[in-house]
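Worksheet for the structure shown next.
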Amino acid sequence: MSDKTIIIGAGPAGLACGYELTKKNKKVEVFESSPFIGGMSRSFDLWGQRVDVGPHRFFSKQKEINQFFSELIKEDFTLVNRQTRIYYNQNFFEYPLKLGNVLKNLPPFVIVQILWFYGVQIVNPIKDPKNFEEWVTNRFGKKLFEIFFKHYTEKLWGIKCSEIDADWAAQRIKTLTLIGAVKSAVFGNKGNKHKTLVDQFAYPKNGTGELYERAANCILENGGKVNKETPIKRVLLDDKNQKVKGVELMDGVVIDAKNVVSTMPITTLIKGLDNVPEKVIKAVDELYFRNTILVYLEIDQKELFTDNWLYIHSPDVKHGRITNFRNWCTSLNKDKKTTILCLEFWCFENEDIWTGNEQNVIDLAKEEVYKINLIPNHAKILNSKVVKVPKCYPVYETGYQEGLKTIVDFLKGIEGLFPIGRYGAFKYNNQDHSILMGLLAAEKIADNNEVDLWNINTDTEYQEDGKIKDVLAQ
């Protein structure tokens, strides 16, 4: 039996794992189905500039993640001043919340409604909230839920907020409260002389994907292999489904391995295995993902809006987020006098927007960017491009955890198989969490670390109050 570790997928989790393993002189071979390195966090050249696949930033206080970033990027990063706002009802709301901005943008009677419904929930809270709507309403009141949570969330997930498991809210916004938001709005950063991760973030000068391209190069330099455009057909197990034997490629070639680290969608992984118990197959059939369509537009203007990205809560347009790559770092723009915007549309695989002519979604993006006045009427759109990202958001439908537990229990019984990352573990990770899963998977393989990889997810604190000087590599 080969002592090689095969890694399926060249995204943040897979490359972090491969990088760490080759540092420890372990045999590694990476298989990526696409022609690209970096997965959802890749960067690419477009119209003489550099862009990412949507907005990605680094904001972890986890020492392992920052060490990974520091070793690879070294000094080739810049500090980006963060501005991300919410667009709702033809107004822009600062994030984090600023009291003056809220008072300016919301009519007095709406503010009274927010306080009234918040008071109602304090007096009569929902016991044991089961879904996203109940959880958020419990925490902020009905009115605030409707303004700042409902429309955006339903765009993203494609189902009602009452059908989304409360687990997602607890993971993503568990530390946020109305009282805390008001305190932040009133006092801001008073008393803190240091920029926090809310204010600034580190960013590679050549785009987020530079981190993963360098990781892939280091794997090669350390004796490992990285194969692009080489999808895996299935993972091979022993006759008892208790131990990994290797993988089979699409052309039938079998490669032996002691360990397989899988970042492919967990549903695809399970369906490729032989003799899977019926209850596990049933559980897999209940899990599903949401797709993203990115529409890039080149605008003949340098100064549009000042945000890195905007959350579009307005219900009268279909896109949910828009990134302005001119507001990240000057090295991306390469002295060009135009601006590249990226609009995000979310959908399922059977929707017309996904299966139809790409020109239709381009036309929609052009219409909507003018409709909400993000670019002036006299501005011209010079170029457009569509990038489709399948299965990028695991949908946390109410009760999903029960089926996922059945799947996890089955996978835990297979020696040498390590499903990690957003796809692989069906966890709504940021790239920071996926990197951490990859690094800890490497430690588990190389050093027999007893960490439970299934517990490395979005419950890991963002710790955005960390001081920049404490988290950037020295």
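What follows draws every value from the coordinates through simple rules; no lab data is involved. None of the values given here were measured: they were computed from a predicted structure. Methodologically, a virtual Cβ is constructed for each residue, glycine included, from the backbone with ideal geometry; neighbour enumeration extends over all protein chains shown.
Before moving on, here are some points about what is shown:
- Helix 12-23 and the longest principal axis of the Cα set of the chain meet at an angle near 50°.
- For segment 1-122, the calculated P(r), taken from all Cα-Cα distances in 5 Å bins from zero up to the bin holding the longest distance, is 2, 7, 11, 14, 13, 11, 9, 9, 8, 8, 5, 3, 1, 0, 0 percent.
- Sorted on the mean count of surrounding Cβ atoms within 10 Å across their residues, most packed first, peptides 123-131, 381-389, 37-45 read 37-45, 381-389, 123-131.
- Computed on segment 289-394, with alpha-carbon pairs under 8 angstrom and 6+ residues apart, the relative contact order is 46 percent.
- In this rough spin-label picture, where each label sits 7 Å from Cα along the Cβ direction, the Asn25-Lys271 distance is 4.3 nm.
- Helical content of the chain, expressed as a calculated mean residue ellipticity at 222 nm, amounts to -10500 deg cm²/dmol (DSSP H runs of 4 or more residues, -39,500 (n - 2.57) each, divided by residue number, nearest 500).
- Within segment 37-78, the ratio Rg/Rh, alpha carbon atoms throughout and Rh by Kirkwood, equals 1.01.
- Partners for Lys61 among aspartates and glutamates (Cα-Cα distance below 12 Å; same-chain residues under 8 apart left out): Asp432, Glu461, Glu464, Asp465, Asp470
- Computed lengthening from Lys371 to Lys334, 0.36 nm per intervening residue step minus Cα-Cα distance: 10.4 nm
- For the chain, the dipole from Cβ point charges (+1 on Lys and Arg, -1 on Asp and Glu) about the Cα centre works out to 1260 debye, to the nearest 20.
- Over the chain, relative contact order from alpha-carbon pairs under 8 Å, at least 6 apart, %: 26 percent
- Working from label points 7 Å from Cα in the Cα-to-Cβ sense, the Glu303 to Asn241 distance is 6.4 nm.
- Val451-Lys63 FRET efficiency (beta carbon distance; Förster radius 25 Å; 0.05 resolution): 0.95
- Inter-site label distance for Leu115 and Leu220 at 7 Å from Cα along Cβ, in nm: 6.2 nm
- Protection proxy ranking of 415-421, 83-89, by the mean of other Cβ atoms within 10 Å over each peptide's residues and highest first, is 415-421, 83-89.
- Residue exposure proxy: Trp309, Trp157, ordered by other Cβ atoms within 10 angstrom of their Cβ from fewest to most, comes out as Trp157, Trp309.
- Taking one quarter of the surface of the convex hull spanned by the alpha-carbon atoms of segment 335-457 gives a direction-averaged projected area of 12.0 nm².
- Residue ranges 330-343, 199-212 sort as 199-212, 330-343 when ordered by packing (mean number of other C-beta atoms within 10 Å per residue, highest first).
- The order of Tyr296, Tyr396, Tyr428, going from fewest to most other C-beta atoms within 10 Å of their C-beta, is Tyr428, Tyr296, Tyr396.
- Distance between segment 222-276 and segment 54-125 - C-alpha centres, whole angstrom: 40 Å
- Cross-link pairs exceeding 22 Å between alpha carbons, from the set Lys155/Lys380; Lys104/Lys143; Lys24/Lys205; Lys271/Lys385: Lys155/Lys380; Lys24/Lys205; Lys271/Lys385.
- Angle in degrees between helix 108-123 and the longest Cα principal axis of the chain, rounded to the nearest 10: 50 degrees
- Between helix 431-447 and the chain there is an angle of about 20 degrees, using the helix long axis and the longest principal axis of the Cα atoms.
- Note on segment 289-394: along the principal axes its Cα atoms extend 40, 28, 25 Å, ordered by decreasing extent.
- Arranged from fewest to most other beta-carbon atoms within 10 Å of their beta carbon, Met264, Met437 become Met264, Met437.
- Per-q log10 I(q)/I(0), segment 79-139, q = 0.13, 0.22, 0.28 Å⁻¹ (Debye; single scatterer per alpha-carbon; no solvent): -0.50, -0.99, -1.10
- In the calculated pair-distance distribution of segment 208-347, the portion above 26 angstrom amounts to 53 percent of the Cα-Cα pairs.
- Calculated over the chain: convex hull of Cα atoms, volume per residue (Å³): 155 Å³
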